[in-house]
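What follows is a short report on a single structure.
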Amino acid sequence: MSLLKAYNNINVVRPRDAVLEDFRTHLDGVLALDSNVTKEDVAVAIAFYAEYSLGYLTEVALTFKEPEGASSTMKFMNSFIAELMNLAGLRYFDLDKGYSVVDKAVQLALSVGGYPPMEAVLVIINDIEDSYKVEDEAKAFEATQGE
């Protein structure tokens with residue numbers, strides 16, 4: 001389904017190299033803050049990843065060829081996102097449904113045909129965090145029982 005959406009994407013996607021440069025610049029800025037990573041910092045990185053992925057999927061859908069090196073780049077970007085999420089104290093996977101934050105963000109980018117709205121990326125992050133509420137409450141309760 002995502003290839004069909006990418007194939008039918010009528011929006012002009014930015015070149016992947018430009019998106020990757022924005023991702024790197026953002027990462028440099030975030031890491032210069034001595035690991036004080038916020039949810040918003042993570043959301044920006046996720047949005048760049050989703051935009052890069054949209055460019056990748058669009059090219060694959062139109063050419064039926066995988067762009068050289070793009071898949072590896074996405075793996076590294078994804079690894080940075082996972083580490084940023086850890087530094088921000090955020091979870092990467094939805095506990096109930098099993099999807100990852102980047103999976104949902106790429107779906108969002110496909111739906112909007114480009115860089116996903118920041119508010120929507122934050123909703124994805126918040127939904128994933130909400131999926132852990134019951135588990136977190138149970139752990140907090142257990143911790144108070146041992147005192």
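In the range 1-19, the residues that are over 19 Å from PHE64 (Cβ atoms) form Cβ pairs under 8 Å with partners that are in a helix (DSSP H, G or I), at six or more places apart or across chains, as follows: ARG14/GLU51; ARG14/GLY55; PRO15/GLY55; VAL19/PHE48; VAL19/GLU51; VAL19/TYR52; VAL19/GLY55. Consider SER79 carefully, then state whether it is free of Cβ contacts under 8 Å to residues at least 24 places away in the same chain, in a helix (DSSP H, G or I) and closer than 19 Å to ALA18 by Cβ. No: the conditions fail for SER79. Residue count for the range 111-123 satisfying the condition of being touching an Asp or Glu at 6+ places or on another chain (Cβ under 9 Å) and assigned to a helix (DSSP H, G or I): 2.
Given the options SER53, SER71, name the one that is of a type in the set (Ser, Thr, Tyr) and surrounded by fewer than 20 Cβ atoms within 10 Å (Cβ to Cβ). Exactly one residue qualifies, and that residue is SER71.
Among the residues of the range 94-110, which ones are more than 17 Å from VAL19 (Cα to Cα), surrounded by fewer than 21 Cβ atoms within 10 Å (Cβ to Cβ) and not polar (S, T, N, Q)? Before the answer, list the steps.
As a first pass, look at the range 94-110 and keep what is more than 17 Å from VAL19 (Cα to Cα): 94-101, 103-104, 107.
Now narrow it down to the ones that are surrounded by fewer than 21 Cβ atoms within 10 Å (Cβ to Cβ): 94-100, 103, 107.
Answer for the range 94-110, where residues must be more than 17 Å from VAL19 (Cα to Cα), surrounded by fewer than 21 Cβ atoms within 10 Å (Cβ to Cβ) and not polar (S, T, N, Q): ASP94, LEU95, ASP96, LYS97, GLY98, TYR99, ASP103.
Looking at ASN9, is it in contact with a Ser or Thr (Cβ under 9 Å, 6 or more places away or on another chain) and not in a helix (DSSP H, G or I)? Yes, satisfied.
Does the range 27-40 contain at least one residue that is under 19 Å from PHE80 (Cβ atoms), acidic (Asp, Glu), surrounded by 16 or more Cβ atoms within 10 Å (Cβ to Cβ) and under 18 Å from the mean Cα position of the chain (by Cα)? No, every residue in the range 27-40 fails to be under 19 Å from PHE80 (Cβ atoms), acidic (Asp, Glu), surrounded by 16 or more Cβ atoms within 10 Å (Cβ to Cβ) and under 18 Å from the mean Cα position of the chain (by Cα).
Anything in the range 90-139 that is among the small types (Gly, Ala, Ser), within 12 Å of TYR49 (Cβ to Cβ) and out of contact with any Leu (no Cβ under 7 Å at 6 or more places or on another chain)? List them, or say none. Even if it seems obvious, please write down each step before you answer.
In the first step, residues of the range 90-139 are kept if they are among the small types (Gly, Ala, Ser); the result is 98, 100, 105, 109, 111, 113-114, 120, 131, 138.
Next cut, within 12 Å of TYR49 (Cβ to Cβ) only: 100, 105, 109.
Correct list: SER100, ALA105.
Of a type in the set (A, V, I, L, M, F, W, C), in a helix (DSSP H, G or I), in contact (Cβ under 8 Å) with a residue 24 or more places away in the chain and surrounded by 17 or more Cβ atoms within 10 Å (Cβ to Cβ): is that true of ALA61 in this structure? The answer is no for ALA61.
So which residues in the range 12-40 are within 19 Å of ASP103 (Cα to Cα) and assigned to a helix (DSSP H, G or I)?
ARG16, VAL19, LEU20, PHE23, LYS39, GLU40 - these are the residues of the range 12-40 that are within 19 Å of ASP103 (Cα to Cα) and assigned to a helix (DSSP H, G or I).
Each reported figure results from applying straightforward, stated rules to the coordinates on display, with no laboratory input. Everything numeric in this text was worked out from a predicted model, so none of it was measured. Positions of Cβ are backbone-derived with ideal geometry, glycine not excepted, and every protein chain shown enters the neighbour counts.
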